[in-house]
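The block underneath contains the structure these notes are about, expressed in C-alpha cells.
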Amino acid sequence: MAALVDVLVVAATARELADDLACPTLLCGVGPVDAAAHVAAALADMRPSAILHVGIAGARRASALGPAQLVIGSAARYTDLQVPAKFAPQELRPDERLLAAVRATLPQAPVLPIATVARVGASVGCDVEAMEGFAVLRAAQLAGVPAIEVRAISNEIEERDRSRWHFDHAFAAITAATPRLVEAIAACVR
C-alpha cells in the first residue's frame, strides 16, 4: 500500500471523496479560484507522483449522459476565460499514462472534454460541465505533476431545479470508482 501514497486525490467537497483511501486527499473547495489556490498550496508542501481529480458534474440534455454515469476527461477546458490563447491556456490534456490507466479501469466510461466554469450552465462547447477541473490540472501542470479528471454525472445542465438533480447517485458512483482508479494510477506511475 505504500505506493498509493504517491497519488493525491482531489475533490471539491467531502461527499465526493471515498472513505478510507490509502493515499492523501485534498478538499480543494468549490470553483476554479479555490481549487487552484488549494492545489497549488498542497503541491508546495507535498510532491505526489500523480493527481486524481474526482467529483460530480452536469451534462447537456442532448448528450444522453445519465445520472451517475462516469466520464473521463479527455481535456479540461476553461470556458469562462475569454482571452486569446497567447495570454493564458484554455485547454489542458491529462497525462497520457494516467488516461490509459483510467480508461482500462473504466472501459465503459466515455472520454470527453470537461468544461470548467464558475457558474452553472455557463459552459460553451462541451457536453460535460464542472467547476474545478481546469484549475486542478493547471496547478498540477505548473508543478510538473501528472493529473487527470474523472466525474460522475449528477444533473442535466439545463435543469435549474436542483431538487431534480441526482446528487446521491453521483456521489455514490464517484466514491465507488475512486479506490480502483487510485490503484490503477499508482501502478502506472511506479
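The values are calculated or read from the model by the stated rules, or taken from the named source; none is laboratory data. These numbers were taken from a predicted model, which means no experiment stands behind them. Here the Cβ is made from the backbone with ideal geometry for all residues, glycine too, and neighbour counts use every protein chain on show.
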- Please enumerate the residues belonging to the range 21-33 that are under 14 Å from the mean Cα position of the chain (by Cα) and in a helix (DSSP H, G or I). Pro32
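Filter the range 123-139 down to the residues that are among the β-branched types (Val, Ile, Thr) and at pLDDT 95 or above, then identify the one that is nearest to Val30 (Cα to Cα). Break it down into steps so the answer makes sense when it comes.
Kept after step one, since they are among the β-branched types (Val, Ile, Thr), are these residues of the range 123-139: 124, 128, 136.
Narrowing the set further to residues that are at pLDDT 95 or above leaves 128, 136.
On the way: Val128: 17, Val136: 11 Å.
So, considering only residues that are among the β-branched types (Val, Ile, Thr) and at pLDDT 95 or above, the one nearest to Val30 (Cα to Cα) is Val136.
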- Could you please tell me which pairs satisfy a Cβ distance under 7 Å, a separation of 6+ or placement on different chains, a first residue in the range 172-188 that is on the phi > 0 side of the Ramachandran plot, and a second residue that is among the hydrophobic types (A, V, I, L, M, F, W, C) and surrounded by fewer than 20 Cβ atoms within 10 Å (Cβ to Cβ)? none
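Residues are listed down the side, and each one gets a yes or a no for (1) touching a residue at least 24 places away in the same chain (Cβ under 8 Å); (2) of a type outside the set (Gly, Ala, Ser); (3) surrounded by 14 or more Cβ atoms within 10 Å (Cβ to Cβ); (4) farther than 27 Å from Ala41 by Cα:
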{"position": "Cys126", "(1), (2), (3), (4)": "yes, yes, yes, yes"}
{"position": "Arg138", "(1), (2), (3), (4)": "yes, yes, yes, no"}
{"position": "Leu142", "(1), (2), (3), (4)": "yes, yes, no, no"}
{"position": "Ile148", "(1), (2), (3), (4)": "yes, yes, yes, no"}
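Table: residues versus (1) surrounded by fewer than 20 Cβ atoms within 10 Å (Cβ to Cβ); (2) of a type outside the set (Phe, Trp, Tyr); (3) in contact with a strand residue (DSSP E or B) (Cβ under 7 Å, 6 or more places away or on another chain).
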site: Leu52; (1), (2), (3): no, yes, yes
site: Ile56; (1), (2), (3): no, yes, yes
site: Leu70; (1), (2), (3): no, yes, yes
site: Ser74; (1), (2), (3): yes, yes, yes
site: Val83; (1), (2), (3): yes, yes, no
site: Pro89; (1), (2), (3): yes, yes, no
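Just checking: which of the helices (runs of 4 or more DSSP H) contained wholly in the range 87-190 hold 3 or more residues that are over 15 Å from the mean Cα position of the chain (by Cα)? Steps first, answer last, please.
Details: elements: 96-105, 133-143, 167-189.
By residue number, 96-105, 167-189.
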- Note on the structure: Going through the range 1-20 in order, the residues found to be out of contact with any Gly (no Cβ under 7 Å at 6 or more places or on another chain), surrounded by 17 or more Cβ atoms within 10 Å (Cβ to Cβ) and not in a strand (DSSP E or B) are Leu4, Asp6, Leu17, Ala18
